[in-house]
Amino acid sequence: MTNEKRRAAIIHSSIGTGHKTAANALCEWFSMFNVETICLDALAYVNPLIRGIYARTYLEMVRKAPQIWGYFYESTDSPEGSIGLLIGLHELTVKLNARKLLKILYDFSPDVIIFTHFFAASAVAQEFRGRIPIILVNTDFLSHIFHRDKDVYDEWFIASQEARLQYEADGIDMNKVHVSGIPVRRCFADPPTKSTARAKLGLSQESEVFLVMGGGIGVGPLEDVVESLSRVDGATVLTLCGNNDDLREAMEERFYDNFKVKVFGFVKDMVNIYAASDAIVMKPGGLSTSEVLCMKRPFFLCGVIPGQEQRNSDYLLDRGAAKAIFEPRRTAHTVLSVLRNDAERKRLTDIAGGLARPRAGEFIVKKVLENI
């Protein structure tokens with residue numbers, strides 16, 4: 001370790017929002033240790049037409065044909081099912097102007113390159129591996145084989161002991177695999193109180209506040225969930241539609257005359273939204289559930305997409321950290337059965353607190369700095 005300021009390049013892909021949020025969180029934590037960072041979207045450096053097709057294909061599949069996405073995710077999660085696709089992705093990223101991304105990296109001259117999504121990692125590793133560490137930070141509780149490529153990454157930071165078993169089964173050197181949790185922003189290490197958050201958001205201190213989230217891309221049975229919760233006497237329902245403008249407009253139209261329902265698009269100040277809430281109904285994205293675990297609020301899973309979300313859901317439900325909403329039209333019944341039961345509410349929040357890793361980003365940064 002030298003006194004010279006070190007540099008970390010953090011690369012994500014704008015597929016969903018969790019990968020970018022994790023990358024930005026890592027930049028925050030690195031800044032605490034006087035490390036210069038650059039945060040790059042790998043998809044921003046490929047042909048715009050192809051970028052649009054790549055992103056749109058994922059979004060449309062998840063929104064309109066989630067079972068197909070789930071089949072693709074599961075069927076490629078094996079050495080036999082993924083090898084041809086991995087090679088194809090590598091060749092594709094090189095052809096689609098990965099040279100632009102590589103030039104930025106050469107100009108920045110990082111001491112370490114960290115990915116929160118696998119896109120373009122193989123092309124970058126071909127140029128830089130062996131000279132500086134190439135690291136993957138996983139943003140889901142379990143891993144896909146795309147994340148465990150020994151020819152691309154030097155080290156891994158993962159979210160759970162169960163994911164560690166996947167790496168061990170692949171014969172990866174376990175000294176290079178670190179169970180860190182998923183990195184969240186520094187504010188989640190010291191979140192505001194409920195009263196402070198409600199005062200900032202202009203919400204009642206007395207009434208119940210429910211938060212309903214459709215994830216960064218805004219999918220799931222939000223309308224039925226919100227309709228059910230809006231019938232609770234005196235309650236306020238905060239409804240987040242992410243980047244799905246069509247969904248936001250539909251929700252605004254449906255609930256335009258219901259003062260109890262507040263509809264939002266993508267929200268940056270999530271820590272106050274979480275803190276103001278008594279209960280949260282959400283999809284099990286790895287990053288968003290990691291944030292919620294830090295808040296120690298009872299949360300409920302709904303609208304689970306097959307693939308990585310299903311695995312996250314299985315992980316959280318297996319540990320008793322969350323409850324499932326099986327019938328969205330009866331969401332209020334499920335939520336109130338917890339909120340009106342002090343023992344059950346405490347059980348859920350205690351388990352959530354035990355799984356929370358609010359300083360995962362700090363752990364990752366310290367470990368990385370040991371080796372650069």
Report summary line: Rounded to the nearest 500, the 222 nm mean residue ellipticity computed for the chain from DSSP H runs (n ≥ 4, each -39500 (n - 2.57)) alone is -14000 deg cm²/dmol
Query raised in the report: Counting pairs of alpha carbon atoms under 8 Å apart in space and at least six apart in sequence, what relative contact order in percent does the chain give?
Result: 18
Query - Exposure rule at most 11 other beta-carbon atoms within 10 Å, DSSP loop chymotrypsin sites (Phe, Trp or Tyr not before Pro): the chain longest free segment - result: 1-255
Query raised in the report: How about the range 302-372: which trypsin sites (Lys or Arg not before Pro) there are in a DSSP loop, with at most 16 other Cβ atoms within 10 Å of their Cβ?
Result: 319, 340
Query raised in the report: Averaged per residue, what accessible surface does the chain expose to a 1.4 Å probe, in Å²?
Result: 44
**Report entry** Highest-fluctuation residue, 213, 282, 174 considered, GNM on the chain with Cα pairs under 10 Å
**Finding:** 174
Requested in this report: Using only protein heavy atoms and a 1.4 Å probe, report how much of residue 317 is accessible, in Å² to the nearest 10.
Outcome: 70
Query raised in the report: Considering only protein heavy atoms, what is the solvent-accessible area of residue 28 at a probe of 1.4 Å, reported in Å² to the nearest 10?
Result: 60
Query raised in the report: Between their Cα atoms, which of 20/323; 150/283; 260/346; 5/150; 194/296; 323/346 are more than 21 Å away from each other?
Result: 20/323; 150/283; 260/346; 5/150
Report task. Please build a GNM for the chain, connecting alpha carbons under 10 Å apart, and tell me which residue among 225, 267, 179 fluctuates the most. Result -> 267
Requested in this report: Using the Karplus curve 6.51 cos²θ - 1.76 cosθ + 1.60 with θ = phi - 60°, work out ³J(HN,Hα) for each residue of the range 153-169 in order, rounded to whole Hz, and write x for Gly and Pro.
Outcome: 9, 8, 8, 9, 10, 10, 9, 7, 5, 5, 5, 4, 5, 5, 5, 4, 5
Report task. Express in whole angstrom the spacing between the alpha-carbon centres of the range 317-339 and the range 241-295. Result -> 17
Report task. Please identify every one of the trypsin sites (Lys or Arg not before Pro) in the range 153-246 that sits in a loop by DSSP and has no more than 13 other beta carbons within 10 Å of its own beta carbon. Result -> 231
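The values are calculated or read from the model by the stated rules, or taken from the named source; none is laboratory data. All figures in this text were calculated on a predicted structure; none of them were measured in a lab. Reconstructed Cβ throughout: ideal geometry from the backbone, glycine too, with neighbour counts over all protein chains shown. These area figures cover heavy atoms from the full protein model, side chains too; ligands, DNA and RNA do not enter into them. Shrake-Rupley method; radii C 1.70, N 1.55, O 1.52, S 1.80 Å.
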